[in-house]
Structure formats: structure tokens, C-alpha cells
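J.: Supplied in C-alpha cells, the structure appears directly below.
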Amino acid sequence: MATRIEIRPREDKLLRWFAAVLVLLTVSTAAIAQNNPAINGNSLKTIAHLKDFQVIELRRYTIKEGEREHFAGYFDTYFPEALEQAGTLVFGEFLERKNPLGFTWIRGYHNLDDRAISNAAFYFGPVWKEHKSTMISLIKDSDNVLLLRPLTQERGVTVLPMVDPVNESNAQGVIVAQIFAVKLDSIDSFARRAEATFAAYRTAGVREAGVLVTLDVPNNLLQLSFRTDGPFLVWLGILKDNDALTTRFIPVAEQGVQALVATGLLRDDPETVILDPTRRSRLRWLSTGEAWPSTTKREKVKPGSDTESNFPTGAHL
């Protein structure tokens, strides 16, 4: 005859509670392993087609006082996919730490012709038409734009997967942009001298996200102006957090900047811009479980025509 084990109501309640906890832990662990982009490397395969961006704009806006968070929220919500659908890739969008009015974003095109074609498609398209008045009302100045190209075929801006809205929290990490105003006809010399500094950054744990230089070509889209006071060299890097910024990067950067100023190849002091990624920025810190994208061979820049397209004057991001 089988022995009957009697479970009291209180013990039964505890057993049910423990069972529920075990189920939740099992499900959560499985979900994290399958869906967290820091663990599942398949996310990089989905962006294999996003490459060969040879024309890049570093756009630094001044937003009206008290409106920067609103501007970033609108931008993140409405524009990355709309621009990509039109042929423009938004590499990342950021808030400048030392400038409470500063909003910076980086976008790229395959070549100069694409810059004209894709921007015409976007600015004449339905998304911009719907939100244009709101966005323009929040911008104080949008003229600080550098037109750039990769230093070499392998040093273009890193393309990362978009932030997963279901399985990933908001974009993490710290982005650093160093902007060097180089003397005329000295870009190649300065770039060679700067390699030791950039290598020291990588040794300190910084993930290099691009080395760019001025693209000196005529503007083939006159309604979207860019600065012509170059040449510039721009270095981009990604750090894990503030601790990495203050304890690992800044001490190395201070020494590196001093060494680069001493070359005599700069016409102004370098600018180091600390950027916090907005919640949907592609450029962000991904944990070491996510393979860092490898460099790929890129096409040379093909200058576009000077033909002025029919474009909404003065109305743009």
C-alpha cells in the first residue's frame, strides 16, 4: 500500500511560489540568451548590406534652450527609418555633454550623387512634410556641418544594428569625437603622425568607430550647405561608460593631443567632443558578446555633378 504524503495548505503555497520563481528564471534566462543583441551575433548579419558609405556628414546643431530632449525624442521617433528608406544612413545621434544646446548626428551616403538624390527623396517626402514645422521650430542653428570621407577604405564610420525596441534597453556607452583642424596640404602627414595616438586609444579599450577627413568637392546640393574652412580630420571612438572615459581614455588623450599639437601640423587647438547616444543611436557600446564589425573594402568616392536639384530652400534637418 502506497504511503500518502499530506501537504498542508501553507506548505503547498510555498511550493507553488518556488515553482513559479523557477519557471520565471528559466524563461528569462532563455529569452536573454536568444534575444539580447550582446549575445546573439546574428544581428550583425542583418546589416551586411549597409556598407560603402563614402560621403559622410557630421552635423552639429544648436537647439533652442530647453528643447533639446524634445528635439531628440522627435528625431529618434520619426527620422532614422525614413532617411534610410530614402537612401541615407543615420550612423548615430547624440547629445553633447559640454554644450546643453548641442545635438550632433552623423549620416552617410554611398557617393555624392546619392547625397543629392536621397535628400531630395526625403525632404520632398511625406514624413518630412508632416513634421517639418515642428523640427524647424526647435532648431536655433544648423550650419555647423562637415562634409567628410573615410581616411582610407577601411576607416569609414562603423555601422551597428539598430537598437532592438523589444529586447534591448536604450543605447548605452559614451561616444568621443576628436576634431583636428589641419593645416592646408597636411592631412596625409598629420594622419601618419596621429596613428600612434589612435593606436594608444585602442590599447586603452576604446573601440575606434571611424577616421574621417574633409571631402573637398563642390557642393552638389546647394540648399544643404557645409563648412569650407577645412581641412579637418575627425576621429570617432566608443567607450563602455564614464569610468572608461575618465580613467582610461582622458589620460591617454591628454598626452596624445599634446603630442599632435607639437607636430606643428594643426592650425587650431583640437576639439574633443563627448557625446551621449540618444535612446535609438546605432553608434553605441555593445558588450563583448557581440562581435565588433570587421572592416570591408569600400569604393572610391565618385564626385557628383553641380546640378542644383529642386529642393525646399531653408527647410532641412
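J.: What ranking do 129-139, 189-199, 230-240, 167-177 get when scored by the average of other Cβ atoms within 10 Å per residue, highest first?
T.: 230-240, 167-177, 189-199, 129-139
J.: Taking a spot 7 Å from the Cα of Asp185 along the direction of its beta carbon, which residues of region 254-271 have an amide N less than 18 Å from it?
T.: Residues passing the 18 Å test: 264-267.
J.: Net charge near Glu65: determine it from the other residues with C-beta under 13 Å of the C-beta of Glu65, scoring Lys and Arg +1 and Asp and Glu -1.
T.: Local net charge: 0.
J.: Please compute the net charge surrounding Ile56, taking Lys and Arg as +1 and Asp and Glu as -1 over other residues with Cβ under 9 Å from its Cβ.
T.: Overall, the nearby charge balance is +1.
J.: If I model a spin label at Lys129 and Gln153 as a point 7 Å from the Cα along the Cα→Cβ vector, what separation in nanometres do I get?
T.: 4.2 nm
J.: Among 245-251, 218-224, what's the highest-first ranking by average C-beta atoms within 10 angstrom per residue?
T.: Answer by packing, highest mean first, reads 218-224, 245-251.
J.: Measuring from centroid to centroid over Cα atoms, what is the spacing of region 159-186 and region 232-256 in Å?
T.: 12 Å
J.: Explain nothing, just the number: dipole magnitude of region 53-277 about its Cα centre with +1 on each Lys and Arg Cβ and -1 on each Asp and Glu Cβ, in debye rounded to the nearest 20.
T.: 320 debye
J.: Once fully extended, how much extra length lies between Leu222 and Glu195, figured as 0.36 nm per residue of separation less the alpha-carbon to alpha-carbon distance?
T.: 6.3 nm
J.: What is the percent of Cα-Cα separations in region 53-277 that go past 29 Å?
T.: Percent of Cα pairs beyond 29 Å in region 53-277: 26.
J.: Let me confirm the definition first: pairs of Lys residues in region 41-133, 8 or more apart or on different chains, C-alpha distance under 29 Å. How many are there?
T.: Lysine pairs, 8 or more places apart or on different chains, close enough: 6.
J.: Within the set of other residues whose C-beta is less than 14 Å from the C-beta of Tyr201, count the net charge using Lys and Arg as +1 and Asp and Glu as -1.
T.: Once positives and negatives cancel, what remains is +2.
Any read-out appearing in this document is the output of simple, stated calculations on the displayed coordinates, not a laboratory observation. Given the structure is predicted, the values throughout are model-derived calculations rather than measurements. Glycine also receives a Cβ, built like all others from the backbone with ideal geometry; neighbour counts cover every protein chain displayed.
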